Amino acid sequence: MRRNWMSFDTHRVARLALIGLAAASLAACASRPKPAGPVAPTAPSQPMAQPPEASTAPPTSPVDQGPLPGTVQDFVINIGERVYFDTDQYEIRSDAQPTLTAQAQWLNRYPAVRVRIEGNADERGTREYNLALGARRANAVREFLVGQGISGSRIETLSYGKEKPIDPGTGEEAWAKNRNARTAITDGAR
């Protein structure tokens, strides 16, 4: 009988040892902090090849080189589409001449481009008076461009009078903006 007791005691000791070993192992795991994210292998036996799409360099952004030559944006940004006039006047001012000269040079460089000169006026005066004044302003710009070598067949004119203000305000600052002629590209630009 003694043997059975010893056999039972040996098994019990072995089980307790295994339980103790498991408990120690769990305690060791519990004492390690969990990693915050993916952990790189400590010492790979062979170097790991990264797939080509896993580049660490940030993507390069395209360099803004401005508008493409010959486009409407090129004309508006680099040349200027609008010139301004004095009250009740349609003569080309001296400060408008460089803009109109640049417009003529641009139009000579792009002979397929057609334009419309839109004459505008401020809100003062009758509708009929401002339509006539806008027409005189548009024609003054047209004649300037023709004098610079642009074919008159490439230029149409239109008067909006006071119907399309660029500044809806009232007062000299708004009125000065609204007394203008705009060169709008209608055809032939890229």
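Could you check the simple spin-label distance between Asp167 and Glu123, using points 7 Å along Cα→Cβ, in nm with one decimal? Going from the Asp167 label point to the Glu123 one covers 1.3 nm. Relative contact order (percent) for region 72-187, with alpha-carbon contacts under 8 angstrom and 6 or more residues of separation? This gives 37 percent for region 72-187. In loop segments of region 81-115 as defined by DSSP, the trypsin sites (Lys or Arg not before Pro) with at most 14 further C-beta atoms inside 10 Å of their C-beta are Arg93.
When you filter the GluC sites (Glu not before Pro) in region 78-126 for DSSP loop state and at most 13 other Cβ atoms inside 10 Å of their Cβ, you are left with Glu91. Shape of region 82-190 from the C-alpha gyration tensor: prolate (a/c of 1.5 or more and a/b above b/c, with a ≥ b ≥ c the square roots of its eigenvalues).
Here, each number is a calculation from the coordinates, and none is a lab measurement. Here the structure is a predicted model, which means the values were calculated and not measured. All Cβ positions, glycine included, derive from the backbone under ideal geometry; neighbour counts span all protein chains shown.
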